[in-house]
Amino acid sequence: PVIGLAFAGVVEYLGEGVEGLAVGDRVAGAASAAFAELVVARADRVARIPDSVSSIDAATLPISASTALQTVRDVARVEAGQRVLVIGAGGGVGSFLTQLATMRGAHVTAVVSPAKSALARELGAERTIDYRVTPDPAQWGAHDVVIDTADGRPLSVLRRALSPRGTLVIVGADGAGGPMLDGLQRQLFASLQSPWVRHRLTSVVQRENGPDIAVLLDDLASGRLRAPVDRVLTLEDAPEALRLMAERAVAGKLVLTV
């Protein structure tokens, strides 16, 4: 099977009944098998790219930034003045979480490796924590919202970084739970435990949709949002790109070009 989920490119063909798009439009969207020269996408999962936004920057948004937007806006419900902790703030989703929480007026603390701490601060984090030097969440301070991008720690451990009525959000699968749960064990446990504890425990199931991508493209065009592109490789270099991502050697996003 061909891998890849997010893309940006030019419309070559339109299916029957598609409205609001034309051949030649630049669009960004979500679709399966996106590591390819041609991608088949649903019209409701793409958005037109503004003239001032490059296709490289636009390609970073449809999955990672959409997940971050839905996390901050819909699930964590971040508000101005809140203390927000982002675990994995230097990654693809985390780099957008940091920006979007900051845009809502939150005070963001980023848990990152030293190599990615500078990026986290550039994106709006007021404080960074090296998880290797300070591994215990109880030493990270009390936060209104903790957003974990597949860190893997047990929920009981992460709750040590919450204020008495804080919210913990689990983003993404982390490999726990074996083949039956497909890495979603902590998400399941969060939903089961939340009614019985003082904290709000929840998780994110990303919904691919064009309107959210359009919102993010508008933020990018206006300068409110930044596409944190670490490096750009060619499609032929996809194996190398995947190796770098598996080794967590990418700060922000990596983009393939055709």
With respect to residue 243, determine if the residue is open to solvent by 80 Å² or more (accessible area, probe 1.4 Å) and either at pLDDT below 95 or over 15 Å from the mean Cα position of the chain (by Cα) (or both). yes
Residue 206 fails exactly one of the following numbered conditions: (1) open to solvent by less than 40 Å² (accessible area, probe 1.4 Å); (2) touching a residue at least 12 places away in the same chain (Cβ under 8 Å); (3) polar (S, T, N, Q). What is the number of that condition? (1)
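Scan region 199-255 residue by residue and report those that are β-branched (Val, Ile, Thr) and in a strand (DSSP E or B). So that I can check it myself, show each step before the final result.
First, pick out the residues of region 199-255 that are β-branched (Val, Ile, Thr): 202, 204-205, 213, 215, 229, 232, 234, 250, 255.
Within region 199-255, 202, 204, 229, 232, 234, 255 qualify.
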Checklist (1) under 19 Å from the mean Cα position of the chain (by Cα); (2) modelled with pLDDT under 95 applied to residue 146, failing item: (2)
Do the conditions hold for residue 158, that is, is it modelled with pLDDT of 95 or more, closer than 23 Å to residue 108 by Cβ and either open to solvent by less than 30 Å² (accessible area, probe 1.4 Å) or in a helix (DSSP H, G or I) (or both)? no
First in region 155-172 and under 11 Å from residue 202 (Cβ atoms), second anywhere and among the hydrophobic types (A, V, I, L, M, F, W, C) and part of a loop (DSSP other than H, G, I, E, B), Cβ under 6 Å, 6 or more apart: 167/76; 169/76
When the residues of region 79-94 are filtered to those that are in contact with a helix residue (DSSP H, G or I) (Cβ under 7 Å, 6 or more places away or on another chain) and closer than 17 Å to residue 206 by Cβ, which remaining residue is surrounded by the most Cβ atoms within 10 Å (Cβ to Cβ)? 86
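Looking at 181, 225, 188, which one is modelled with pLDDT of 95 or more and either open to solvent by 20 Å² or more (accessible area, probe 1.4 Å) or under 15 Å from residue 66 (Cα atoms) (or both)? Working first, answer last.
Values: 181 fails: modelled with pLDDT of 95 or more; 188 fails: modelled with pLDDT of 95 or more.
Every option except 225 fails the conditions.
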Report, by residue number, each residue of region 210-223 that is touching a residue at least 12 places away in the same chain (Cβ under 8 Å) and farther than 15 Å from residue 60 by Cα. 211
Subset of region 21-46, residues open to solvent by less than 60 Å² (accessible area, probe 1.4 Å), over 14 Å from residue 257 (Cα atoms) and out of contact with any helix residue (DSSP H, G or I) (no Cβ under 7 Å at 6 or more places or on another chain), comes to 22, 24, 25, 27, 33, 41, 43
On the given criteria, is residue 121 in contact with a helix residue (DSSP H, G or I) (Cβ under 8 Å, 6 or more places away or on another chain), open to solvent by 30 Å² or more (accessible area, probe 1.4 Å), of a type in the set (D, E, K, R) and without any contact (Cβ under 8 Å) to a residue 60 or more places away in the chain? no
Residues within region 95-109 that are in contact with a Gly (Cβ under 8 Å, 6 or more places away or on another chain), part of a loop (DSSP other than H, G, I, E, B) and surrounded by fewer than 24 Cβ atoms within 10 Å (Cβ to Cβ), tallied: 1
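The values are calculated or read from the model by the stated rules, or taken from the named source; none is laboratory data. Just so we're clear, the structure is a prediction, and the values are computed from it rather than from any experiment. Neighbour counts run over all protein chains shown; Cβ positions are idealised from the backbone, glycine included. The area values use the complete protein model at the heavy-atom level, side chains included, leaving out ligands, DNA and RNA. Shrake-Rupley method; radii C 1.70, N 1.55, O 1.52, S 1.80 Å.
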